[in-house]
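Enquirer: Before anything else, here's the structure in question.
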Amino acid sequence: MEIWYNGQKWERKMFSFKGFITKEKNTHLEHLEDDIINRGSKGGENAINFLNSVRNMLAGNIGGKLNMSVKWDGAPAVFCGINPENGKFFVGTKSVFNVTPKINYTPGDIRKNHGGELANKLLVCLRELPKLGLTGVYQGDLLFTRGDLKMAAIEGENMITFTPNTITYAVPATSDIGKTIARAKLGIVFHTFYSGKTMTSMTAGFGSVKGKSPTSSIFLASASYKDTSGSATFNKAELAQFDARIRMAQGSLAKAKPILDLMSERVSANDQYSVGYRLKTFFNYYIKNSNSGMDKVKVMQNQFRAYYENFMQSEIDSKKTERGKAPYIKAKEDGLKFIDRNQSALYFAIASHITLANAKNYLIQKLAQVQSIGHFLRTTNGYKVTAPEGYVAVDRVAGAVKLVDRLEFSRANFTAEKDWVKG
């Protein structure tokens with residue numbers, strides 16, 4: 001069957017991805033600065049390479065290795081397409097890759113596997129997304145279904161808004177894109193495709209989907225980052241400031257190398273009581289509970305020791321018998337000895353994490369100058385202008401990481417009430 005859109009024949013080949021292939025499923029992306037905890041000194045090298053790749057892109061030197069996409073704040077994550085094992089169209093969440101997968105081919109499957117608002121949204125996806133004629137398996141973030149669209153007056157202008165997760169997106173109601181959104185029954189942005197002969201053996205390709213939606217019932221947002229105005233280009237002074245931040249990060253990483261490699265071994269082993277694992281959770285804890293930016297490195301170092309000691313003590317106190325307490329007492333003693341014996345290296349590990357985050361945020365501020373849709377945080381006093389959630393940087397060698405201002409966005413995301421249920 002031929003499909004026509006805007007007077008042109010629409011073909012499946014209109015959907016294409018630019019990116020790279022990985023054996024990992026794209027169910028979770030890490031923050032760039034956390035790579036030093038996950039992968040030690042190698043993660044530090046990757047982080048520096050990522051930052052310099054984005055820096056070169058904004059300086060006008062692309063280099064051909066980096067692929068950049070805008071990270072929409074969509075939710076929930078939707079997986080859809082043709083199951084290669086049976087040729088049937090399906091929709092689902094990341095649970096389609098479970099050991100016992102939840103793959104939905106019919107409304108009955110959705111009602112059996114999911115509940116609440118998530119089930120309602122997946123029902124709309126099952127009805128509408130086959131119209132795209134997808135030939136593979138795709139992953140995207142749902143932006144809205146019809147009932148999520150609201151009218152709001154923002155800065156004196158009538159806007160169509162939708163709030164899939166934390167950020168409220170707003171476009172003028174009378175604009176072309178506003179009219180397109182108003183006609184749509186759902187909005188989605190695709191950022192990953194999967195290929196393979198079975199669901200369990202699929203490989204992921206990161207990138208941005210290209211092509212227009214063949215139906216007015218679907219608003220197909222673009223994930224590709226494109227600066228046509230030149231407003232995000234670095235000038236000479238900004239390049240000098242950024243390069244100085246990179247040199248600071250490299251200096252701290254060199255001094256932190258021994259402890260980073262030791263900590264990453266336990267993180268890789270998923271040792272939840274190791275110093276490295278708790279350091280990573282400490283940064284999330286700090287962001288969630290801090291009303292200001294990161295503190296001085298020495299202050300945070302002392303706070304981390306107290307955090308680790310308190311966490312381990314709570315684990316000990318939760319056990320009812322001396323035998324049950326014993327391994328946690330030993331883990332606490334070993335962890336505190338490790339912290340106290342490696343104070344200098346731990347200081348520079350924390351400094352590296354903070355400096356990498358600062359360099360990343362410097363880039364985000366430049367990238368955020370290019371916006372076609374307004375971004376707001378909904379507050380009790382109205383709408384507060386904010387930046388996009390962030391960006392995904394893909395390097396063919398290092399992989400993919402997300403570039404997000406954690407102090408601004410992640411804190412709001414931690415505390416936001418969700419209108420849907422993960423599953």
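The values are calculated or read from the model by the stated rules, or taken from the named source; none is laboratory data. None of these values were measured; they are calculated from a predicted model. Heads up, the Cβs are rebuilt from the backbone with ideal geometry, glycines too, and the neighbour counts pull from every protein chain shown. Calculation scope for accessible area: heavy atoms of the full protein, side chains included, ligands and nucleic acids excluded. Shrake-Rupley method; radii C 1.70, N 1.55, O 1.52, S 1.80 Å.
Enquirer: Quick test of your reading of the structure: residue 176 fulfils all but one of (1) modelled with pLDDT under 90; (2) within 25 Å of the chain's Cα centre (by Cα); (3) not polar (S, T, N, Q). Name the failing condition by number.
Expert: Here residue 176 clears every test but (2).
Enquirer: Would you check which residues across segment 91-112 are open to solvent by less than 40 Å² (accessible area, probe 1.4 Å) and touching a residue at least 24 places away in the same chain (Cβ under 8 Å) and list them?
Expert: 91, 92, 93, 95, 96, 103 - these are the residues of segment 91-112 that are open to solvent by less than 40 Å² (accessible area, probe 1.4 Å) and touching a residue at least 24 places away in the same chain (Cβ under 8 Å).
Enquirer: Now for a different question. Among the residues of segment 239-270, count how many are open to solvent by less than 40 Å² (accessible area, probe 1.4 Å), over 22 Å from residue 52 (Cβ atoms) and free of Cβ contacts under 8 Å to residues at least 12 places away in the same chain.
Expert: 0
Enquirer: Looking at segment 59-90, which of the residues that are at pLDDT below 95 and among the hydrophobic types (A, V, I, L, M, F, W, C) is surrounded by the most Cβ atoms within 10 Å (Cβ to Cβ)?
Expert: Looking at residues that are at pLDDT below 95 and among the hydrophobic types (A, V, I, L, M, F, W, C), I get 72.
Enquirer: Got a number for residues in segment 113-126 being outside any loop (DSSP other than H, G, I, E, B), over 16 Å from residue 220 (Cβ atoms) and either out of contact with any Phe, Trp or Tyr (no Cβ under 8 Å at 6 or more places or on another chain) or open to solvent by less than 60 Å² (accessible area, probe 1.4 Å) (or both)? Let's see the steps before the verdict.
Expert: As a first pass, look at segment 113-126 and keep what is outside any loop (DSSP other than H, G, I, E, B): 113, 116-126.
Retained after the next criterion (residues that are over 16 Å from residue 220 (Cβ atoms)): 113, 116-123, 126.
Still in the list and also either out of contact with any Phe, Trp or Tyr (no Cβ under 8 Å at 6 or more places or on another chain) or open to solvent by less than 60 Å² (accessible area, probe 1.4 Å) (or both): 113, 116, 118-123, 126.
Number of matching residues: 9.
Enquirer: I would also like to ask the following. Can you list the strands (runs of 3 or more DSSP E) found entirely within segment 161-222 that contain at least 1 residues being open to solvent by 40 Å² or more (accessible area, probe 1.4 Å) and aromatic (Phe, Trp, Tyr)?
Expert: On the way: elements: 167-172, 186-195, 203-210, 218-221.
Fully inside segment 161-222 and qualifying: 186-195.
Enquirer: How about segment 127-160: which of its residues are aliphatic (A, V, I, L, M) and buried (at least 20 other Cβ atoms within 10 Å of the Cβ)?
Expert: Step one: of segment 127-160, the residues aliphatic (A, V, I, L, M) are 129, 132, 134, 137, 142-143, 149, 151-154, 159-160.
Hits for segment 127-160 are 129, 132, 137, 142, 143, 159, 160.
Enquirer: Next up: Name the single residue that is nearest to residue 41 (Cα to Cα) among those in segment 271-309 being among the hydroxyl-bearing types (Ser, Thr, Tyr), open to solvent by 20 Å² or more (accessible area, probe 1.4 Å) and in a helix (DSSP H, G or I). Outline the logic, then answer.
Expert: Residues of segment 271-309 among the hydroxyl-bearing types (Ser, Thr, Tyr): 273-274, 277, 281, 285-286, 290, 292, 307-308.
Those left that are additionally open to solvent by 20 Å² or more (accessible area, probe 1.4 Å): 273, 277, 281, 285-286, 292, 307.
With in a helix (DSSP H, G or I) added as a condition, the list becomes 277, 281, 285-286, 307.
Details: 277: 16, 281: 19, 285: 23, 286: 23, 307: 24 Å.
Filtering segment 271-309 for residues that are among the hydroxyl-bearing types (Ser, Thr, Tyr), open to solvent by 20 Å² or more (accessible area, probe 1.4 Å) and in a helix (DSSP H, G or I), the one nearest to residue 41 (Cα to Cα) comes out as 277.
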